[in-house]
Amino acid sequence: MEPNLVTSIGPIRLDRPVMLASGILGISLDVFNRLYRSGAGAVVTKSLSTEPWEGYPNPTIFSVKGGGWINAVGLSNPGAENFAKMIEPNKDVPIIVSLVGSIPEDFENMIKQFEKCKVTAYELNLSCPHVAKVGLEVGDDPELVKKIVTTVKNSTNVPVIAKVGLGTTHYLNTVGTAIESGIDAITAINTVRAMAIDVETQRPILSNKFGGLSGTPIKPIALRCVYEISSKYDIPIIGCGGISTWEDAIEFFLAGASAIQLGSAIGDNWIDVFDEINTGILQYMKKKNYSKIEDMVGLAKKS
Amino acid sequence: MQRNHNHTTIVTVEKVIDETPTVRTLIFSDEVMSNVLPGQFAMVWIPGINELPMSVMISNESGKAAFTVRKHGAASTGLFNVQVGQQIGIRGPYGNSFDLKEGKLLLVGGGTGLVPMMRLLIHVKPTDDVTVLIGAKSKDEVFFEDLANRLLENNVHKVIVSTDDGSYGEKGFVTDLVEKHLSQAKYDAVYVCGPEIMMYKTVQSAHSRGIFVQASLERMMKCGVGICGSCCIGEDLVCKDGTVFDGEHLSKNKEFGNFHRNKAGILENY
């Protein structure tokens, strides 16, 4: 049977398993259309807040020698209301709306803004490592995670994903709390808190000093997390962290992910990376005689 | 080993030239930046202050490059105030460059948008007939007129300045001069860089006449490498697809000349 790239992440069905990760290129519907045409199965928006955020001053990104990026863009975004107006005309592109906030009401209020929009899923950013009072600071508080997930699930019928990362609370506990509270899927992981110092000028390079490490250096860590989550819990997983080739994508499927997200690879290989990975996945499936993505998911756990 | 253009290289400013009361050129040694193509840019880190995208300016000394900056916001004022001996970080070059046509060329530059035009002038052929139009607000703000004449001394050429207030050169907007020149003679190519409304009008004037035209765009830029998305214009990313776009492409872009994005990514009218 000819293989296809269709995948299901719990209630979310996508024609292709490679998505744009949150925080990357995510502020224009025109760009979303272009990414979708280029092979992205879905696009995750920048994390939206209740009000517009300018983000941090530059430098907001640093290229690590040996591979990877450290960014502290500071969750700059036009705010949920402005963003919802922009994507209202969208009919074609599966858009996953990423939300960031401090209290359950922030999320509830933002979801109301998207009532007229075609939203494939919401992704709750519980793991941004470089902005105070949101992201990891929320993800590290189990009570708050419980309240937010419960509130969001009561506010919408659209599937809800929690994006977890490496904070002070063990991410497996955060995943457990999110599952108990009714989450539909997990994205793992976010960037990892990091920094860079210039030896000539003897200063931290990023204006925020700390940022999130992404790209190839974190791939083995992200892969381990996906494997651990899928070993412990029965929950659909989206793998994210350092994926840049089709082999990386397959590794995440084998570890238990039903879909993947990428971002840094765009900085290295530009938008063509979606098509390259899709093509590679299909060739691998033909070679191994798989007809659908699901056939591969979690296979590495058997051994 | 070849340098990775994404890694920050620290250089020392060796010379500062005051072009006008608000515009300075900072010269430094760097082999990679000394060879960039017209239209390409670098991300320039002013330690402790900010990082901003800058067109790379020519220098007449081998192995040296420069940035020409107008003090405006905190970041550009920070770069403007850099003294001889201070260090700045550079990464790049990023972006594409102008397609170099031959024949009768019209180059249009407003303010520091003249920088890529000067870089383009070092690539013109001795046989090219080149007209450079320089737009400035007033006499005080005119710069690079002598440099343009010097770079074109072996060509048939004209360098014409217009000031908004008429205090030097011709009075009025440089776009009026563009319209006048394009209606009077047949040009093979038009190149423009400057404020977006100026580029929009220039592109319209040329494209509507079927003349090849390219503009080097400027947008809010954070990463420079196609990740942050803040420099998008329609479905294009200025850092990766540009900075140079041709008139055919721009005439279909509904944001060009109409909207720009602020730091939060909200579209605002020009």
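The values are calculated or read from the model by the stated rules, or taken from the named source; none is laboratory data. None of the values given here were measured: they were computed from a predicted structure. No Cβ is skipped: glycine too gets one built from the backbone with ideal geometry, and neighbour counts run over all protein chains shown. The area values use the complete protein model at the heavy-atom level, side chains included, leaving out ligands, DNA and RNA. Shrake-Rupley method; radii C 1.70, N 1.55, O 1.52, S 1.80 Å.
Matching residues to (1) open to solvent by 30 Å² or more (accessible area, probe 1.4 Å); (2) outside the structural domain of B:Pro21 (by TED's automatic domain parsing):
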| position | (1), (2) |
| --- | --- |
| B:Ser76 | no, no |
| B:Val82 | no, no |
| B:Gly110 | no, yes |
| B:Arg119 | no, yes |
| B:Phe144 | no, yes |
| B:His157 | yes, yes |
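Restricting attention to the range A:238-285, report how many residues are aliphatic (A, V, I, L, M), outside any loop (DSSP other than H, G, I, E, B) and either touching a residue at least 60 places away in the same chain (Cβ under 8 Å) or within 14 Å of chain B (Cβ to nearest Cβ) (or both).
12
Without any contact (Cβ under 8 Å) to a residue 60 or more places away in the chain and in contact with a helix residue (DSSP H, G or I) (Cβ under 6 Å, 6 or more places away or on another chain): does that describe B:Ser216?
no
Checking B:Ala185 against (1) touching a His at 6+ places or on another chain (Cβ under 6 Å); (2) surrounded by fewer than 16 Cβ atoms within 10 Å (Cβ to Cβ), which test does it fail?
(1)
Per-residue answers, yes or no, for (1) touching a residue at least 60 places away in the same chain (Cβ under 8 Å); (2) farther than 24 Å from A:Asp184 by Cα; (3) of a type outside the set (D, E, K, R):
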| position | (1), (2), (3) |
| --- | --- |
| A:Met1 | yes, yes, yes |
| A:Asn4 | yes, no, yes |
| A:Pro11 | yes, no, yes |
| A:Pro17 | yes, no, yes |
| A:Leu20 | yes, no, yes |
| A:Gly23 | yes, no, yes |
| A:Leu29 | yes, yes, yes |
| A:Arg37 | no, yes, no |
| A:Gly41 | yes, no, yes |
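Which ones in the range A:26-79 are within 10 Å of chain B (Cβ to nearest Cβ) and part of a helix (DSSP H, G or I)?
Of everything in the range A:26-79, those that are within 10 Å of chain B (Cβ to nearest Cβ) and part of a helix (DSSP H, G or I) turn out to be A:Leu29, A:Asp30, A:Val31, A:Phe32, A:Asn33, A:Arg34, A:Leu35, A:Arg37.
Can you find, within the range A:103-133, the residue that is nearest to A:Met19 (Cα to Cα) among those that are buried (at least 24 other Cβ atoms within 10 Å of the Cβ) and small (Gly, Ala, Ser)?
A:Ala121
For residues that are open to solvent by less than 10 Å² (accessible area, probe 1.4 Å) and either aliphatic (A, V, I, L, M) or within 19 Å of B:Asn96 (Cα to Cα) (or both), tally how many sit in the range B:197-208.
3
Return only the number of the condition from (1) assigned to a loop (DSSP other than H, G, I, E, B); (2) within 13 Å of another protein chain (Cβ to nearest Cβ) that A:Asn82 does not satisfy.
Evaluating A:Asn82 over (1) assigned to a loop (DSSP other than H, G, I, E, B); (2) within 13 Å of another protein chain (Cβ to nearest Cβ) leaves (1) as the failure.
Name the one entry in A:Val164, A:Val149, A:Val145, A:Val131 that is among the β-branched types (Val, Ile, Thr) and under 25 Å from A:Met86 (Cβ atoms).
On inspection, the qualifying residue turns out to be A:Val131.
Determine, yes or no, whether A:Val138 is without any contact (Cβ under 8 Å) to a residue 40 or more places away in the chain, on the phi < 0 side of the Ramachandran plot and either outside any helix (DSSP H, G or I) or of a type outside the set (Gly, Ala, Ser) (or both).
It is true that A:Val138 is without any contact (Cβ under 8 Å) to a residue 40 or more places away in the chain, on the phi < 0 side of the Ramachandran plot and either outside any helix (DSSP H, G or I) or of a type outside the set (Gly, Ala, Ser) (or both).
Out of the strands (runs of 3 or more DSSP E) lying entirely within the range B:44-139, which hold 2 or more residues that are in contact with a strand residue (DSSP E or B) (Cβ under 9 Å, 6 or more places away or on another chain) and within 12 Å of another protein chain (Cβ to nearest Cβ)?
Here the list reads B:50-55, B:87-94.
Run B:Ile211 past the list (1) surrounded by fewer than 24 Cβ atoms within 10 Å (Cβ to Cβ); (2) at pLDDT below 95 and report the number of the one that doesn't hold.
B:Ile211 satisfies all of (1) surrounded by fewer than 24 Cβ atoms within 10 Å (Cβ to Cβ); (2) at pLDDT below 95 except (2).
Here are the criteria: (1) modelled with pLDDT under 95; (2) under 23 Å from A:Ile277 (Cα atoms). Tell me which single one A:Thr120 does not satisfy.
(1)
Is there a residue in the range B:15-32 that is open to solvent by less than 10 Å² (accessible area, probe 1.4 Å) and of a type in the set (Gly, Ala, Ser)?
So far as the range B:15-32 goes, no, none of its residues is open to solvent by less than 10 Å² (accessible area, probe 1.4 Å) and of a type in the set (Gly, Ala, Ser).
Kindly evaluate A:Thr168 against the criterion of being open to solvent by 20 Å² or more (accessible area, probe 1.4 Å) and outside any helix (DSSP H, G or I).
yes
So, of the residues in the range A:203-229 that are in a strand (DSSP E or B) and not basic (Lys, Arg), which turns out to be most open to solvent (accessible area, probe 1.4 Å)?
A:Phe210
In a loop (DSSP other than H, G, I, E, B) and either farther than 29 Å from A:Thr177 by Cβ or open to solvent by 10 Å² or more (accessible area, probe 1.4 Å) (or both): does that describe A:Asp234?
So A:Asp234 passes the test.
From the residues in the range A:41-84 that are of a type in the set (Phe, Trp, Tyr) and more than 18 Å from A:Val31 (Cβ to Cβ), which one is surrounded by the most Cβ atoms within 10 Å (Cβ to Cβ)?
A:Phe62
Might you let me know whether the range A:99-121 holds any residue that is in contact with a Gly (Cβ under 7 Å, 6 or more places away or on another chain) and part of a loop (DSSP other than H, G, I, E, B)?
Looking for residues that are in contact with a Gly (Cβ under 7 Å, 6 or more places away or on another chain) and part of a loop (DSSP other than H, G, I, E, B), one finds at least one in the range A:99-121, hence yes.
Within the range A:23-62, track down each residue that is among the polar types (S, T, N, Q) and at pLDDT below 95.
Across the range A:23-62, the qualifying residue is only A:Ser28.
Being touching a residue at least 12 places away in the same chain (Cβ under 8 Å), within 10 Å of another protein chain (Cβ to nearest Cβ) and surrounded by fewer than 23 Cβ atoms within 10 Å (Cβ to Cβ), is that true of even one residue in the range A:85-102?
Yes, the conditions are met somewhere in the range A:85-102.
From the set of residues in the range B:231-260 that are facing chain A (nearest Cβ under 7 Å) and open to solvent by 10 Å² or more (accessible area, probe 1.4 Å), which is nearest to the chain's Cα centre (by Cα)?
Within the range B:231-260, the match that is nearest to the chain's Cα centre (by Cα) is B:Lys240.
Looking at (1) closer than 24 Å to A:Lys146 by Cβ; (2) surrounded by fewer than 24 Cβ atoms within 10 Å (Cβ to Cβ), which is the one condition that is false for A:Thr174?
(2)
What residue, of B:Val225, B:Val178, is closer than 16 Å to B:Gly110 by Cβ and open to solvent by less than 10 Å² (accessible area, probe 1.4 Å)?
The unique qualifying residue is B:Val178.
Which condition does B:Ser216 not pass, out of (1) within 14 Å of chain A (Cβ to nearest Cβ); (2) in contact with a Pro (Cβ under 7 Å, 6 or more places away or on another chain), if it passes all the others?
(1)
Does the range B:16-32 include one or more residues that are outside any helix (DSSP H, G or I) and facing chain A (nearest Cβ under 10 Å)?
No, there is no match, as no residue in the range B:16-32 is outside any helix (DSSP H, G or I) and facing chain A (nearest Cβ under 10 Å).
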